[in-house]
Amino acid sequence: MKSQKQFHDWIIKEPLGSGTYGNVFRCLNIKTNKSAAIKIINEESSALNETTIIKNLQGNEGIIQFFECGYELHGYCLVFELHIINLNQLRLNQPTSRFSSQTSFRLLFKMIKIG
């Protein structure tokens, strides 16, 4: 049987994306069978900064739900609500692969309103 990576009650599944500070995977809760996204970050300062920011933004409209975080052998893990599409994918789905000026202003306004 193949060994699976795990963080607390979450089994780490297929990759969803990667960035400068970490990799994102789909994960599955072994108790609830609920899917989520887990971001694994290797740089401690980046992980702690992101954790602080996301905890402070919880409860605001447009902010994904944060479930838990902590260290595991493979790095610092943050577990979030799973969304099917992100802003970049939404942008690429536009006819010109760009947001219109109107959409850009609405997104900017929402970001300013949250911050």
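The values are calculated or read from the model by the stated rules, or taken from the named source; none is laboratory data. Please read all numbers here as calculations on a predicted model, not as lab measurements. Every residue, glycine among them, receives a Cβ derived from its backbone with ideal geometry; neighbour counts consider all protein chains shown.
Data overview
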{"read-out": "Per-region count, region 44-85, residues without any contact (Cβ under 8 Å) to a residue 60 or more places away in the chain and exposed (fewer than 14 other Cβ atoms within 10 Å of the Cβ)", "value": "20"}
{"read-out": "Neighbours by Cβ (under 7 Å, 6+ apart or cross-chain): first from region 22-42, assigned by TED's automatic domain parsing to the domain that holds residue 11 and over 11 Å from residue 82 (Cα atoms); second loosely packed, with under 15 Cβ neighbours inside 10 Å and of a type in the set (Lys, Arg)", "value": "none"}
{"read-out": "Filtered residues of region 43-68 (kept if among the aliphatic types (A, V, I, L, M) and more than 17 Å from residue 83 (Cβ to Cβ))", "value": "47, 48, 53"}
{"read-out": "Residue in region 50-70 that is of a type in the set (A, V, I, L, M, F, W, C), in contact with a Ser or Thr (Cβ under 8 Å, 6 or more places away or on another chain) and in the same structural domain as residue 11 (by TED's automatic domain parsing) present", "value": "yes"}
